[in-house]
Amino acid sequence: AQSVTQLDSQVPVFEEAPVELRCNYSSSVSVYLFWYVQYPNQGLQLLLKYLSGSTLVKGINGFEAEFNKSQTSFHLRKPSVHISDTAEYFCALTLIQGAQKLVFGQGTRLTINP
Amino acid sequence: DGGITQSPKYLFRKEGQNVTLSCEQNLNHDAMYWYRQDPGQGLRLIYYSQIVNDFQKGDIAEGYSVSREKKESFPLTVTSAQKNPTAFYLCASSTTGFSYQPQHFGDGTRLSIL
């Protein structure tokens, strides 16, 4: 079975500081990896995805993530955060073969302080 | 604009009552999904459907039922057998086929017990 672990449930940072949200995954077969963002009382919006190719993936709103197969990690980074980045972030995976069922991590609440 | 519409936004259930959550999409997607979100647990898959008139159980299907009579609609019924229904419910859809496309999410329905 596959699983996703987000190592931090909450991450507080100051505005304009860099941030890293950590995500590890477990799977015996190849997977696609994703980061989604959720603002209060809303659905999920895709930030970025890793399907294949370059291990450094750039997404929307200045976020990027690096796929590390040997460490089974897919950490999300942003060099300078803004108040508007305050949200919950979810790491997820799906199998390359078969139905596109997403397996999610527990989520990381990012709080930006002025 | 194309998208996924979930209704109602808020729903209250009495003891012993079945309630139905609506999910409609105009993206012409073949596959649709229902997820349940609880604080600190991420999202968990309830049911999914890859084609009209066919659906499969996800990880937490007990106490729920679905139907897929039309491509654009995938309603979820929370039955009285679901003893802990209070949660945020998210519907998603995606294409199927050779080229992977990420799932799109609706804005959710928040279900509470009266």
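The values are calculated or read from the model by the stated rules, or taken from the named source; none is laboratory data. Note that the coordinates shown come from a computational prediction; the quantities given were computed from them, not determined experimentally. In this analysis, Cβ positions are derived from the backbone assuming ideal geometry, glycine residues included, and neighbour counts consider all displayed protein chains.
Computed quantities for the displayed model
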{"quantity": "Those residues of the stretch B:64-114 which are assigned to a loop (DSSP other than H, G, I, E, B), under 17 Å from B:Gly2 (Cα atoms) and either within 10 Å of another protein chain (Cβ to nearest Cβ) or over 10 Å from the mean Cα position of the chain (by Cα) (or both), in sequence order", "calculated": "B:Lys71, B:Glu72, B:Thr95, B:Gln101, B:Pro102, B:Gln103, B:Gly106, B:Asp107, B:Gly108"}
{"quantity": "Of the criteria (1) modelled with pLDDT of 95 or more; (2) touching a Gly at 6+ places or on another chain (Cβ under 9 Å), which one B:Gln82 fails", "calculated": "(1)"}
{"quantity": "Filter result for the condition that a residue is within 21 Å of A:Asn41 (Cβ to Cβ), touching a residue at least 12 places away in the same chain (Cβ under 8 Å) and surrounded by fewer than 16 Cβ atoms within 10 Å (Cβ to Cβ), over B:Tyr10, B:Tyr89, B:Tyr35", "calculated": "B:Tyr10"}
{"quantity": "Matching residues, the stretch B:42-59, being at the interface with another protein chain (Cβ under 9 Å from one of its Cβ atoms), assigned to a strand (DSSP E or B) and either at positive phi or free of Cβ contacts under 8 Å to residues at least 12 places away in the same chain (or both)", "calculated": "B:Gln56"}
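Yes/no per residue for (1) farther than 28 Å from B:Phe88 by Cα; (2) surrounded by fewer than 16 Cβ atoms within 10 Å (Cβ to Cβ); (3) touching a Lys or Arg at 6+ places or on another chain (Cβ under 6 Å); (4) of a type in the set (A, V, I, L, M, F, W, C):
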{"position": "A:Ala1", "(1), (2), (3), (4)": "no, yes, no, yes"}
{"position": "A:Val11", "(1), (2), (3), (4)": "no, no, no, yes"}
{"position": "A:Glu16", "(1), (2), (3), (4)": "yes, yes, no, no"}
{"position": "A:Asn24", "(1), (2), (3), (4)": "no, no, no, no"}
{"position": "A:Pro40", "(1), (2), (3), (4)": "no, yes, no, no"}
{"position": "A:Leu51", "(1), (2), (3), (4)": "yes, yes, no, yes"}
{"position": "A:Leu56", "(1), (2), (3), (4)": "yes, yes, no, yes"}
{"position": "A:Ile96", "(1), (2), (3), (4)": "no, yes, no, yes"}
